[in-house]
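K.L.:
Got a structure for you, questions after.
Each reported figure results from applying straightforward, stated rules to the coordinates on display, with no laboratory input. Bear in mind that the values here come from a model prediction, so they are computed numbers and not experimental data. Note: ideal-geometry Cβ built from the backbone for every residue, glycine included; neighbour counts use all protein chains shown.
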Amino acid sequence: MTSIFARLKQVVSQSSKKISSGISNIVLKRKIDRQVLNELEDLLVSSDVDPTTAAEIVKDFAERKINKETSPFEVKTIFAEKIAEIMSPYEGALSNLNQPLSPYVILLCGVNGNGKTTTAAKLGAFFKQYGKKVRLVACDTFRAAAVDQLKIWGERLGMPVSFAVNSSDPAALAYDAFTAAKKAGEDILIIDTAGRLHNRDDLMSELEKIKRVLGKQDKNAPHEVLLMLDATTGQAAIAQAREFSARIGVTGIIITKLDGTAKAGAVISVARTFKFPILAVGIGEQPSDIQDFSVKEYIEGLLEIDGNERK
């Protein structure tokens, strides 16, 4: 079985190769001077670490190594320590969502194409393995393909799916699904919503309505509002997180599509800027392809270092 470290390293491979080879090219047989530091900072920014955070990482390194020669591995090790310091307070876990409330309502949101429907199925499979009764809700009522996709997942995973037809009001569907989940004694209610651009006021208002209607049955519902962020969007994820948080109160983040991107550094910026817990990362298309986010393993994958490596 492939280890968690190996899988995370694999999914951030484009970023890790870029950063690792870049560090080697920059520092090899050179003393650390201002030119080298500028190049290292540019390298991080090109992998979508925001400029402020990139400058802080390089400043920390400079304070230890200015006017000294160093190895690429030592640069990566020092970078890893600083990134861990920045990100560790925001490391979350899916298991933390396993609360003794029934039903525990999880609302998924994000822009178009961020992997919400697939993530809904993955979350359902995750909780089912712990013996939880899960209901999925297809609140992307205007896109028949999304409803059909979630129904197929429900059949495969053996869990009920609440859905409506003919462009029904998604807020009404969420309300009815909550009622059905309570009646059936189900533990987890996972609500998949339509993708929406964060700058579309009408669509964001619709999402606010879903949240407001759920609150009529339980003043604390939804108990989690999870934002799907597509790693390939890089710094655009910052604007998305800002708007969704302001409108509906995001409680956590799931990172999708880390595979195939050279912008994986944006995860650092999102954690630092918004201080949301990063709960999980999607690492494939199957229901089992989701795992708790690990700062340590993310950094080792991003920088192409092995925690057991010695030099």
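K.L.:
What's the longest bit of the chain with no exposed GluC sites (Glu not before Pro), using DSSP loop states and at most 14 other Cβ atoms within 10 Å as the test? Numbers along the way, then the final one.
P.N.:
Numbers: sites that count: Glu285, Glu309.
Of all site-free stretches, the longest is 1-284.
K.L.:
Which entries in Lys18/Lys275; Lys216/Lys257; Lys59/Lys122; Lys82/Lys209; Lys17/Lys275; Lys31/Lys275 show an alpha-carbon gap greater than 32 Å?
P.N.:
Numbers: Lys18/Lys275 27 Å; Lys216/Lys257 35 Å; Lys59/Lys122 40 Å; Lys82/Lys209 41 Å; Lys17/Lys275 27 Å; Lys31/Lys275 36 Å.
Too far apart for the 32 Å limit: Lys216/Lys257; Lys59/Lys122; Lys82/Lys209; Lys31/Lys275.
K.L.:
Going by how many other beta carbons lie within 10 Å of each one, how would you line up Arg272, Arg212, fewest first? If you can, show how the numbers build up before the last one.
P.N.:
On the way: Arg272 18, Arg212 11.
In order of increasing Cβ crowding within 10 Å: Arg212, Arg272.
K.L.:
Using a cut-off of 15 Å between beta-carbons, work out the net charge of the residues near Ile26 (Lys and Arg +1, Asp and Glu -1, Ile26 not included). Show your work: numbers first, answer last.
P.N.:
Numbers: positive: Lys17, Lys18, Lys29, Arg30, Lys31, Arg34, Lys65, Lys68, Lys76; negative: Asp33, Glu39, Glu41, Asp42, Glu69, Glu74, Glu304.
Net local charge, Ile26 excluded: +2.
K.L.:
Also, quick follow-up: Give me the one-decimal nm value for the distance between modelled label points at Lys31 and Ala246, 7 Å along each residue's Cα-to-Cβ direction.
P.N.:
The two pseudo-label positions are separated by 4.9 nm.
K.L.:
Please return the longest range in the chain lying between exposed loop sites, taking chymotrypsin sites (Phe, Trp or Tyr not before Pro), DSSP loop only, at most 16 other beta-carbon atoms within 10 Å, and leaving the sites out.
P.N.:
Details: sites that count: Tyr130, Phe142.
It works out to 143-311.
K.L.:
To continue, here is another question. If amide H atoms are built 1.01 Å from N in the plane of the peptide, which residues on other chains or at least 5 residues away come under 5 Å of the amide H of Val105?
P.N.:
Amide H neighbours of Val105: Leu189, His223, Glu224.
K.L.:
Moving to a separate point now. Cα to Cα, under 16 Å, and not fewer than 8 places away if on the same chain: which aspartates and glutamates meet these conditions relative to Lys76?
P.N.:
Straight-distance partners of Lys76: Glu39, Glu41, Asp42, Glu56, Asp60, Glu63, Glu85, Glu297, Glu300, Glu304, Asp306, Glu309.
K.L.:
Taking the radius of gyration and the Kirkwood hydrodynamic radius from Cα positions alone, what is the Rg/Rh ratio for the chain, to two decimal places?
P.N.:
A ratio of 1.03.
K.L.:
Straight-line reach only, C-alpha to C-alpha below 19 angstrom: list the aspartates and glutamates that Lys182 could link to, leaving out same-chain residues fewer than 8 apart.
P.N.:
Result set, ordered by chain and number: Asp192, Asp218, Glu224.
K.L.:
Using every Cα-Cα pair within segment 4-90, state what percent have a distance larger than 23 Å.
P.N.:
On the way: 685 of 3741 pairs.
The answer is 18 percent, as a whole percent.
K.L.:
Of Ile255, Phe79, Tyr90, which is farthest towards the positive pole of the chain's charge dipole, taken about the Cα centre with +1 and -1 on the beta-carbons of Lys, Arg and Asp, Glu respectively?
P.N.:
Sorting the options by dipole projection puts first Tyr90.
K.L.:
Give, as a single signed number, the net charge of other residues whose beta carbon lies under 15 Å from the beta carbon of Glu186, with Lys and Arg counted +1 and Asp and Glu -1.
P.N.:
Values: positive: Lys128, Lys132, Lys133, Arg135, Lys182, Lys183; negative: Asp176, Asp187, Asp218.
Combined, the nearby Lys, Arg, Asp and Glu give +3.
K.L.:
Most exposed first by the Cβ proxy, i.e. fewest other Cβ within 10 Å, how do Val295, Val58 rank? Don't skip to the end; give the middle numbers.
P.N.:
On the way: Val295 21, Val58 24.
Lowest to highest Cβ neighbour count: Val295, Val58.
K.L.:
Say each of Ser88 and Leu157 gets a label point 7 Å from the Cα, pointing the same way as Cα to Cβ; how far apart are those two points in nm?
P.N.:
Distance between the two pseudo-spin positions: 3.3 nm.
K.L.:
Check each of the trypsin sites (Lys or Arg not before Pro) in segment 62-149 and keep only those in coil by DSSP with at most 11 other C-beta atoms within 10 angstrom; list them in order.
P.N.:
Values: sites: Arg64, Lys65, Lys68, Lys76, Lys82, Lys116, Lys122, Lys128, Lys132, Lys133, Arg135, Arg143; in loops: Lys68, Lys132, Lys133, Arg143.
The qualifying sites are Lys68.
K.L.:
Could you tell me what a quarter of the Cα convex hull surface of segment 155-295 works out to, in nm² with one decimal place?
P.N.:
Numbers: hull surface 38.1 nm².
Directional mean of the projected Cα hull area for segment 155-295 stands at 9.5 nm².
K.L.:
Under the rule of -39500 (n - 2.57) per DSSP H run of 4 or more residues, summed and divided by the residues of the chain, what mean residue ellipticity at 222 nm is obtained, to the nearest 500 deg cm²/dmol?
P.N.:
Numbers: 12 runs with 157 residues, N = 311.
Calculated at 222 nm, the ellipticity per residue is -16000 deg cm²/dmol.
K.L.:
Hey, another quick one. Could you tally the net charge around Arg135, taking each other residue with its Cβ under 14 Å from the Cβ of Arg135, Lys/Arg +1 and Asp/Glu -1? Show your work: numbers first, answer last.
P.N.:
Numbers: positive: Lys128, Lys132, Lys133, Lys151, Lys182, Lys183; negative: Glu155, Asp176, Glu186, Asp187, Asp192.
So the surrounding residues net to +1.
K.L.:
Another one. Normalised by the residues of segment 4-90, what does the relative contact order come to in percent, with Cα pairs under 8 Å and at least six apart?
P.N.:
Reported as a whole number, the value is 34 percent.
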